[in-house]
Amino acid sequence: MSLRKCPDCYKDVSSSAPSCPHCGRRRKKSHLAIEIVMGLSITSVCLVALAWSSGPQDAAVNDTVASSITPETAIARPYQLERSLSAFVGYNRTLHIFRVENRDTFPWTNCLLSLNSHGISGYELEVESIEPGLTEAALLQSVEFADPDGNKFDPSTDKVATLDLDCESTHGRLYYRGKFGLESSANRAGSAARNGVPSTGGGARVATAGLRASSPAPPPPPQQPSARTSSSAPAVRAP
């Protein structure tokens, strides 16, 4: 307990006294604690509301960033073939390594792998055998593939588009066709140039020009009779 001065009579008054015993002035209670508590409550409510409103936006931004980033590993989508191998093929874009897993119950032997073949000779690699099982999957460097001229596949400039397998098995010759994604027109032009095949667009233009040049010229219009011929005809007299 302490003493304080009364603001009216300036006499000492106990801090615990509800009023001044000399002049009767009542003591005013401090509302500072209540104001602090209310201020903290309002601040907490504002922070919670701000976090709740920014949560969906942050999630949308994170989803957009995640979708714009190319995944490190690409999984090939197989085509449906009659005599098809049961394979699971992935490609690591960072390490430039193919992982070919044999999901059949029998081994594959004398396998010929074709990279970006597109119906014509692409980059090829021969593998002696691929045993079935998760731990027996073949790990193949993309730079090991080479075209018929001996040029190696360059992952820094070439894009992995397709991978084909042609293997012997206990059920005869079986095949696999896998596609990693759409190939750009630049890669198609590069593959055509390596194999000496003209691009489709240029061929179409040449064929059109040949047909246009070989088409016959239109026949000339029929000649009208001259004025001299019409004047030489005998005149018909009225009876």
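Below is a table of values for the structure above.
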read-out	value
Hz values of 3J(HN,Hα) by residue in segment 133-139 - Karplus curve (6.51, -1.76, 1.60), Gly and Pro given as x	x, 5, 7, 9, 4, 7, 10
Vicinal HN-Hα couplings computed from phi for segment 35-48 (Karplus, 6.51 cos²θ - 1.76 cosθ + 1.60; Hz; Gly/Pro x)	5, 5, 4, 5, x, 5, 5, 5, 5, 5, 5, 5, 5, 5
Local electrostatic count, A87, Cβ distance below 11 Å [Lys/Arg +1, Asp/Glu -1]	0
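No value in this document is a laboratory result; all are computed from the given coordinates. In this text, all values refer to a predicted model and were calculated from it rather than measured experimentally. Methodologically, a virtual Cβ is constructed for each residue, glycine included, from the backbone with ideal geometry; neighbour enumeration extends over all protein chains shown.
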